[in-house]
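The structure under discussion appears below in the form of structure tokens.
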Amino acid sequence: MNSGSIQYIGEHLLPGQLGHLFIILSFVAALFSGFCFLKAAFSESSDPEGSRSWLRIARSSFIIHTAAIIGIFAALYFIITHHLFEYHYAWQHTNRALPPKYLLSSFWEGQEGSFMLWAFWHSMLGLVVMGTAKSLESRAMTVISFVQVCLASMLLGFYFSPAFKIGSTPFSLLRNTMQAPIFSDPNYLANYIHDGNGLNVLLQNYWMVIHPPILFLGFASVLIPFSFIIAALWKGEYTQFIKPTAVSSLFAGGVLGLGIMLGGAWAYESLNFGGYWAWDPVENASLVPWLLLVAGLHMLVVYRATGRALSTTLIFYCLAYMLVWYSTFLTRTGVLGDTSVHAFTGEGKSLYWHLLTVLGLLIILCVALLWKRWKSLPRIRNEEASSSREFWMAIGSFVLLISAAHIILATSTPIWGPLAQKLSGKMPAITDPVEHYNSIQVWIGIMLGLLSAFVLYLKFKQSELRVFWKRIGIIGGIALVLTILIAIGQKVTPVQYLLLLFAATFSLLANLYYAFGVQSGSLKKRGAALTHFGFALILMGVLLSSYGKNVISLNTTGVDIDLGKKDLKERLKDSREHVLMFRNTKVAMDNYFATYLGDSTSPTDPRTFYRVAFERIDPKTKEVTEKFMLYPDAFVNPKGQEGMSSNPSTHHYFNRDIFTYVSSIFKAKDKGKYQRDTLHVGDSLFFSNGFLRFDAFSRDVKNRYYQPEPGDMPVGAMLSVHTLDGPQKTLQPLFVLRGNTIESVPDTLSELGLYTRFTGILPEKNAAVIETKQLDPKDEYIVLKAIVFPYINLLWLGVITMVCGFMLSMYNRITGKKKTLPAA
């Protein structure tokens, strides 16, 4: 259908045209600034004055590029917030019901928005590099500008043929991206497009407002140390790059680590797999660059202190940044298929060759520079002593490399699997990702825990072993005793988990003592010990919360609960670990009694909340010692589809969490018939588990269901509700005289399934005609799972501590004195 000859009504084309203009401007400005930075770099030695001129032009061009990216954001923000559904991006990812905070989340739900966010952070960091990199500026900014050209090209949306295009623009009109008869109508917006498709219900969570910007800032930050590495290889100068690389690496390590774990917090708060980490390919893809970045950072520290391991340092940093793009390729091109619950699929297939081209160019750049400089890289020929800090830091970095290699190879199974199938006749598959990764990574955790415990007690080049063994022996002995006590208390028995428990305890004690008993000087020098302490807390939190995880919603009724799993083993497990909760019926869960009290909704929130009351029972006295309410919720039939998307609700203690979510719901459509009674003031009427009393007539209307109209004459019947637990609530059904008609406004107490109506007044008897009905509890139920996560707060405390350690070390590097490399 040719829509070019149709004059469409109501479309707002200016924001999209401005957006397109800003995309093209950002691409051209990045390309030109990269060219100018390149000219400045090449003429640094031969023509210093010319180099400075090129540098000034390059800076101005990059600032224009940054302003253009901000312009793209502003144009798309205008389109989204003004609900201009003539644009495909706004229609696909938003609707009118979304609160403002989730409109912001819709920016990065799609491919184009997330690339835009990534480019935005690059441009901000590029401005910082321009102001601080000094002699490295032209070379580092050439690399940054090149990457910005690549990212800007992802947004171009240029079609050269139906089968070939460059990028995808967020400013495409709906009628240009979809083929539908409605677009033959010039007024299709008013007649057909009344609302958008809406935001993915999994992203309608406050963590998704925070998590993606932090994560993409972390990804973007990895570019900065990489650019300094390329700058050093470019010129063959290996001293000036150390400080800016260390500072930017510490920032990237802290921010990316925080972004990854914010994703874990989102999964814990929003997803119902019962945890914070499921070894999903998207989770793995973000973790692997962080592991290699940390490995590179440790090797950089070794090079700075001893002059050793320069080649290893360079390789680690190159690998870290290559894997940022490889991870992007995995999660955005659809190659993972159904192995990830939140990777991009079909819409990313057009990016396949685009991302491969960018990745290939970056690999060529790294390999070419390393090949050119390899023989001239400074090296120290003699081997480092096995009692030196650098030896064990190198061991730790290679352990991180092994961890990253295992994760990325397993995650890439959908890519190399078909080749293995051709060679062996069998398609490799990971049937239980959690078991597969945990069985390997637990040993990685043990080694890293032990290394992080003792490595700081060693000195560079040569250590005093008598002092070392004395300190480590005492700390190790205390750690062993504590490990035994914790293992007995938490019933940890498998050997690998006992070793991990010891490694975490040992590292906690060793780094705490090192920071305050061994290390001298100001607080800012304790960043490494603080980071290692935080990492040990993470290990401890992961171990205790995962190994000690306890399902308390055990099905003891013998009723088979079928949640639709095809695998018999999984189906039986689900049936065993879920309970059927009829409304107002108590269910025993460990030391608790839980009661489903009914659901509730809000006109401003598309979710349905399920109220579940918990009572903690003292095992000895059998008395109620605590009461609390949880509100697991769900999007029922989201976007008109059958089914539900549930979100957990968690009760937090300092030493454990009670995590609950609803897996299935049932509510009978037939709610029974009303029973009519005439009640005098003071009369009572009994129902199944209590009674209500007619207290008085009232003209003071407080019925939430009543919508007044001019001329109304409402009268309320005040009905106080009582159960065995005492007074519950006062209901006020209304009798309304509206013109020549009489209307009844009901009032309900959903906790008891009690419905009331006031349908008549008998003034001579001071009585009212009251109609009541109560739902049968079996007419409404939920299927719930409840899990206790012990000591999970150690994990979150560890993340915060580790990030603070990264930032403290960064501050120390920024303010510390410049250190020269030791002589070979």
Q.
Let me cross-check His406: its accessible surface, 1.4 Å probe, with only protein heavy atoms counted, in Å² to the nearest 10?
A. 40
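Sorted by accessible area with a 1.4 angstrom probe, largest first, how do Tyr547, Tyr596 fall? All intermediate terms of the calculation are to be shown ahead of the outcome.
Numbers: Tyr547 75, Tyr596 0 Å².
Ranked list, largest accessible area first: Tyr547, Tyr596.
So, for segment 38-117, what is the accessible surface per residue at a probe of 1.4 Å, expressed in square angstrom?
Values: 3240 Å² over 80 residues.
About 40 Å² of surface per residue is accessible.
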**Q.** Area accessible to solvent at Thr557, 1.4 Å probe radius, in Å²
**A.** 100
Q. Across segment 752-765, in residue order, what do the Karplus-derived ³J(HN,Hα) couplings come to in whole Hz, using 6.51 cos²θ - 1.76 cosθ + 1.60 with θ = phi - 60° and x for Gly and Pro?
A. 9, x, 9, 10, 10, 9, 10, 10, x, 10, 10, x, 5, 9
(Q) For a quick check: with amide H placed at 1.01 Å from N, whose amide H comes under 5 Å from Ile552's, ignoring anything fewer than 5 positions away on the same chain? (A) Ala786, Ile787, Val788
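Per residue, how large is the accessible surface of segment 207-333? Use a 1.4 angstrom probe and give square angstrom. Present the calculation step by step, with values, prior to reporting the outcome.
Values: 2490 Å² over 127 residues.
That works out to 20 Å² per residue.
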(Q) Under a crude label model (7 Å from the Cα following the beta-carbon direction), how far is Thr557 from Glu626 in nanometres? (A) 2.6
Q. Cα convex hull of the chain: mean projected area in nm², to one decimal?
A. 45.7
Q | For Leu409, solvent-accessible area (1.4 Å; no DNA, RNA or ligand), Å² | A | 100
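Can you compute the FRET efficiency between Ala180 and Tyr8 using 1/(1 + (r/R0)^6), with r the Cβ-Cβ distance and R0 = 22 Å? Round to the nearest 0.05. Please list the in-between numbers first.
Values: r = 14 Å, r/R0 = 0.62.
E(calc), rounded to 0.05, equals 0.95.
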Q. Of Lys235/Lys375; Lys243/Lys372; Lys39/Lys235; Lys39/Lys375; Lys491/Lys620, which ones are farther than 19 Å apart at the Cα?
A. Lys243/Lys372; Lys39/Lys375; Lys491/Lys620
Q: Kindly express, to the nearest 10 degrees and within the range 0 to 90, the angle between helix 568-577's C-alpha long axis and the longest C-alpha principal axis of the chain.
A: 60
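Ignoring ligands, DNA and RNA, what percent of the accessible area of segment 630-729 is carbon or sulfur (1.4 Å)?
Numbers: 3080 of 6020 Å².
Looking at segment 630-729 in its full context, I get 51 percent from C and S.
Accessible area per residue for segment 700-824 in Å², computed with a 1.4 Å probe and the full protein assembly in place, what is it?
Numbers: 6330 Å² over 125 residues.
So segment 700-824 comes to 51 Å² accessible per residue, rounded to a whole number.
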Q: List nothing, just return the count: lysine pairs in segment 672-824, 8 or more apart or interchain, with Cα separation under 19 Å.
A: 4
Q: Mind checking which lysines have their Cα closer than 23 Å to the Cα of Lys470? Skip sequence neighbours fewer than 8 apart in that chain.
A: Lys459, Lys461
(Q) Within 11 Å, Cβ to Cβ, of Pro433, how many net charges do the neighbouring residues add up to if Lys/Arg are +1 and Asp/Glu are -1? (A) -4
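Considering only protein heavy atoms and a 1.4 Å probe, what is the carbon-and-sulfur percentage of the accessible area of segment 199-286? Write down the numbers at each step before the final one.
Numbers: 1430 of 2040 Å².
It is 70 percent, rounded to a whole number.
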Q) Which angle from 0 to 90°, rounded to the nearest 10, does the C-alpha axis of helix 281-306 make with the longest principal axis of the chain? A) 30
(Q) Sort Val551, Val481 by heavy-atom solvent-accessible area, probe 1.4 angstrom, most to least. (A) Val481, Val551
Q: Using amide H atoms built 1.01 Å from N in the peptide plane, name the residues 5+ places from Lys729, or on other chains, whose amide H lies under 5 Å from its own.
A: Val721
**Q.** Folded to 0 to 90 degrees: helix 465-490 orientation relative to the chain principal axis, Cα
**A.** 20
Q. Cysteines without a disulfide-compatible partner in the chain, using Cβ under 4.7 Å as the rule?
A. Cys36, Cys150, Cys804
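What is the percent carbon and sulfur in the accessible area of segment 491-579, measuring with a 1.4 Å probe over the protein chains and ignoring ligands?
Working: 2800 of 4580 Å².
Heavy-atom surface of segment 491-579 belonging to carbon and sulfur, 1.4 Å probe: 61 percent.
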Q: Using θ = phi - 60° and the Karplus relation 6.51 cos²θ - 1.76 cosθ + 1.60, list the HN-Hα couplings for segment 588-596 in order, rounded to whole Hz, with x at every Gly or Pro.
A: 6, 9, 6, 8, 10, 10, 10, 10, 7
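The values are calculated or read from the model by the stated rules, or taken from the named source; none is laboratory data. Keep in mind that what you see is a predicted model, and the values were worked out from it rather than measured. Methodologically, a virtual Cβ is constructed for each residue, glycine included, from the backbone with ideal geometry; neighbour enumeration extends over all protein chains shown. Surface areas here come from the heavy atoms of the whole protein model, side chains and all, with no ligands, DNA or RNA. Shrake-Rupley method; radii C 1.70, N 1.55, O 1.52, S 1.80 Å.
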